[in-house]
Amino acid sequence: MTVFADILDTVRRHEPVVHCITNYVTVNDCANMVLAAGGSPIMADDAAEVEDIVALSQALVINIGTLNSRTVESMLVAGRRANSMGKPVVLDPVGAGASALRNSTLQRLLGEVRFAAIKGNASEIGFLAGKDAKARGVDAQDSCLVTEDRLESAAATARHLSESTGAVVVVSGAIDIVAYSGGAWAVRNGHPLMARITGSGCMSAAVMGCCLGVAPYEMPQACLCAVSALGVAGEIAAETMVGGGGEMGGLGGGTGSYRALLLDAMSLLDGLALGSRADVTRIQM
Amino acid sequence: MTVFADILDTVRRHEPVVHCITNYVTVNDCANMVLAAGGSPIMADDAAEVEDIVALSQALVINIGTLNSRTVESMLVAGRRANSMGKPVVLDPVGAGASALRNSTLQRLLGEVRFAAIKGNASEIGFLAGKDAKARGVDAQDSCLVTEDRLESAAATARHLSESTGAVVVVSGAIDIVAYSGGAWAVRNGHPLMARITGSGCMSAAVMGCCLGVAPYEMPQACLCAVSALGVAGEIAAETMVGGGGEMGGLGGGTGSYRALLLDAMSLLDGLALGSRADVTRIQM
Amino acid sequence: MTVFADILDTVRRHEPVVHCITNYVTVNDCANMVLAAGGSPIMADDAAEVEDIVALSQALVINIGTLNSRTVESMLVAGRRANSMGKPVVLDPVGAGASALRNSTLQRLLGEVRFAAIKGNASEIGFLAGKDAKARGVDAQDSCLVTEDRLESAAATARHLSESTGAVVVVSGAIDIVAYSGGAWAVRNGHPLMARITGSGCMSAAVMGCCLGVAPYEMPQACLCAVSALGVAGEIAAETMVGGGGEMGGLGGGTGSYRALLLDAMSLLDGLALGSRADVTRIQM
């Protein structure tokens, strides 16, 4: 049941070009995370060139974190092009529900582009699933967090969204959920510090692009690989910190070095280590 | 006289959403610094959504570092909305005096938006105060730097700008000044390395947004808390470096690790430590 | 033959203002690298102000990594202005050949602006030299990489482009080439990890801006200084890593800390150390 972990090694072997149209807050983290995972990032976002860039890429990642009228157009053009060429497209609906612009943009994106995967926190996925969840900025509402006792209902929501969109649906949180038409997995990796730096979610979607780019015929497993890889990297990063139990000191043990250590851990992770540490279980539903 | 330091703990308790319309150079640093200080950042900058985002935020920070016609409009729309909802707005007039566009934009912003706080280096504050200071890019002119013997006159300039705008005015430098209608404080914290990384000033304004967001009725103290917290974090970061006297090594002791250590230090700082290290004195005037 | 290394000390003494119109992926890295090298960065990119900013700068760096219609206009306006004021302009043709937009933009830039230096990977320089090289995203094609046995032909291509444009031409890779009308140097510094973080190339161009800004009358030497300085910093960064042989630990030894260590190393490098470590030889041609 850890065969999905091998996909990480495939990423390193094939170095997929991953085209990200993303926000300007975490774009550097996403590019460095794609490189750490073994891919080759390209962040072109002008409508006049995104079709050319999609053509030379293995996957497209659309992130609406700091959308504007110029980039929304680029997302639509690139998404349609990727669809027509059969290349997987990932959607990261950052801040879904937080503004009318985000909501109408998501409606257009979901109407005009077929997504291989959609990844959001519980608030964002809840909003897309029509649960009328309230957004609190770009972070999830406390009342939406996925906990053990809400796991099954959250998985059911995600699977429902998966069935209506055809996409693998990932809900990020203390427990991550990867849902598809055939069921859902719970991933119990990661570390609370991941929520204390910006971009953990964006980087997860970027790694999904890497994995989908080399495994487009096993999309649920590709997403599972990406989500568990980032979670395991997050654990290793915390263990490497000062006071985290690791032998090497990680500077002062705060969030600035944690960010660097997260990239470190991903760049050093391989399929074997991932398979041995990934904590993945089927959710009964 | 260190009661202002408690505001940092209040930020951690309330996790204010801080909306930043800022430059693309240091936007990631600002988001991570807001998180390190205990807030929740959102960097939306499209005019079509900033009113929605202001509505769910506790403070707005406007930074003109890489302004353009699209984002200037967003700044004005967001600023007016924040005013109408009674939410504090911070202005960081990066590069004031460096171009006609910056100068005319600042004139519009100051004419149409009421600021809770304005923070700049001595050149920028001098320009806004009508001192006809010459800008040298985005860094302060040497001739404008705040030193002990120029402290009183710089404080008088800042207080004058505070009285004419109604904003708390912060002058950043080797000595920071926090001026308001009732007087001014000198903050002797910080470290020279802060000027050797990009974004120290932008991050200071972002932390001011956090503090004002939870203490809108004691604005001078909120700004004092933010400025001294960043300064103390800057000192701790330097002490943690290789050769800085700290027990833990901080990589090679250069500016790249200093940047990570600055975020580390802020993420680990609390009101008690801040109160014991903050070097704040009233300026006689 | 290491007199070029002294230019780094001149940068520290004069702190040139370096205006970069660049991509939003690595803009923060470029700003921090300019500071680490001793310059003062300013990243203004709006057409309405770039002429003012050029006027107060000592060099201009144009990077088309995430170009769009708004910033292409700014690049042209700024480039012409820098030409008319006699200030050196650096071109980083990121992803040349990857899209029609990039190609037509490069044609316009090369037609309307006179460059002091052009820096690209072998694919990009090959494209500009009319070699019809195929781009693979923003990374160089394997078939284009500069190796010992292809060194002379790559240098000839670069020198040809130098003669047709009047610019010093830098080809970045495992071996870097600095070519001008009078010949070419090979620089055998650097480390493979530099290709595993985003922005190494962009940062190299930014440092070239610093060096050209203080040594506009010895442009080949200024470029040589910049290229070798970044390469030596890249070596020192690797040596400082865990397992790299350095005494100090560099976190987990991955790409996240390598990025910080690269800035560290540049910020601590001086002309003497650069001169003793730079591995520069004339290429026979």
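For the protein assembly as shown, the share of DSSP beta bridges that are antiparallel, to the nearest 5, is 40%.
Taken as entire DSSP H runs, the helices of chain C that both span 24 Å or more between Cα atoms along their own long axis and average -1.0 or more on the Kyte-Doolittle scale are C:219-240. Measuring between alpha carbons in the structure, the pairs from B:K131/C:K87; A:K87/A:K119; C:K87/C:K131 lying more than 22 angstrom apart are B:K131/C:K87; C:K87/C:K131. What separates the B:A100 label point from its copies, with the point 7 Å along Cα to Cβ, is 3.7, 3.7 nm, written shortest first. Sorted from shortest to longest, the distances between the B:G182 label points of this copy and the other copies are 6.7, 6.7 nm, with each point 7 Å from Cα along the line through the beta carbon.
Helical content of chain A, expressed as a calculated mean residue ellipticity at 222 nm, amounts to -15000 deg cm²/dmol (DSSP H runs of 4 or more residues, -39,500 (n - 2.57) each, divided by residue number, nearest 500). The DSSP beta bridges internal to chain C are antiparallel in roughly 40% of cases.
For chain B, the pair-distance distribution built from all alpha carbon pairs, in bins 5 Å wide starting at 0, is 1, 6, 14, 18, 21, 18, 13, 6, 2, 1, 0 percent. Normalised by the residues of chain A, what does the relative contact order come to in percent, with Cα pairs under 8 Å and at least six apart? Contact order relative to length: 21 percent. Largest mean-square fluctuation among C:S69, C:S228, C:S99, in a Gaussian network model of chain C whose springs join Cα atoms under 10 Å apart, belongs to C:S69.
With its label point defined 7 Å out from Cα along the Cα-to-Cβ axis, B:E163 lies at 7.1, 7.1 nm from the matching points of the other copies, in increasing order.
Here, each number is a calculation from the coordinates, and none is a lab measurement. Since this is a predicted model, take the numbers as computed values, not measurements. When we count neighbours, we look across all protein chains shown, and the Cβ atoms used for this are built from the backbone with ideal geometry, even at glycine.
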